[in-house]
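The values are calculated or read from the model by the stated rules, or taken from the named source; none is laboratory data. What you see is a predicted model; the values in this text were computed from it and never measured. Virtual Cβ from ideal backbone geometry, glycine too; neighbours counted across all protein chains shown.
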């Protein structure tokens, strides 16, 4: 649970888009896993100019944890939630269980920086995060997508977040970005599978993460109805276009061969579903 250069860029991008970090809650106490030089350059690009001495003090102030950086980005109230006191979280709570009432609708931003994949009761943990957010506030996540088997209990598909953060649950998705775990890796904005008319898949060779930014628009009971995968829902409702039933499909061996060629020589991010965007 740490802020790397990618997470810091994403936080700065979210802040520039209007996300308020004023009352901030992180799931798991995030440390800084970015070198001082790159952090100083990123902050300078965001209009926050610090000397080398000021950057060093940022790391020293709370033994490398992220609170000093978050305060610099506008947070006046910062909480962290963890199941134990191991990293001195301000709120000790097992996210497998419902959050206390006094924490609901409290924070302008809630960040899962890589914690919920370690929580067995993931739907409950995600609902907790949604309930922590005040109307007008944001849920932010940097979460594993591909090639991270064994890292936690789960890794996630974009479909999950597009189906959960909906008007029925009092949220709207603002963006979902996929990126590989490489220094300077490109960002790819992900299309909603419901809009794409089919499954948005990715078969690649590197650990890959999703960044999710969703805004809370109404105070409702979240996840009162279980989400359904969009392509199945379309079939059940008869929305699937008839001509798609007669679409010519290559034999499995040919499809696997094409996939292998793409993974070796082309970007695995299909431009029909992934749009390359500028990093913050």
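A few points about this structure:
- Test: residue 109 is under 11 Å from residue 25 (Cα atoms), touching a residue at least 40 places away in the same chain (Cβ under 8 Å), touching a strand residue (DSSP E or B) at 6+ places or on another chain (Cβ under 6 Å) and assigned to a loop (DSSP other than H, G, I, E, B): no
- Checking 136, 150, 184, 197 one by one, the residue that is closer than 27 Å to residue 77 by Cα and over 16 Å from the mean Cα position of the chain (by Cα) is 136 and no other.
- Single residue of region 202-233 satisfying the filter (within 17 Å of the chain's Cα centre (by Cα) and in a loop (DSSP other than H, G, I, E, B)) that is surrounded by the most Cβ atoms within 10 Å (Cβ to Cβ): 202
- Flag for residue 96 being over 30 Å from residue 257 (Cα atoms), part of a loop (DSSP other than H, G, I, E, B) and at pLDDT 95 or above: yes
- Exclusive hit being exposed (fewer than 14 other Cβ atoms within 10 Å of the Cβ) and either part of a helix (DSSP H, G or I) or touching a residue at least 12 places away in the same chain (Cβ under 8 Å) (or both), set 57, 75: 57
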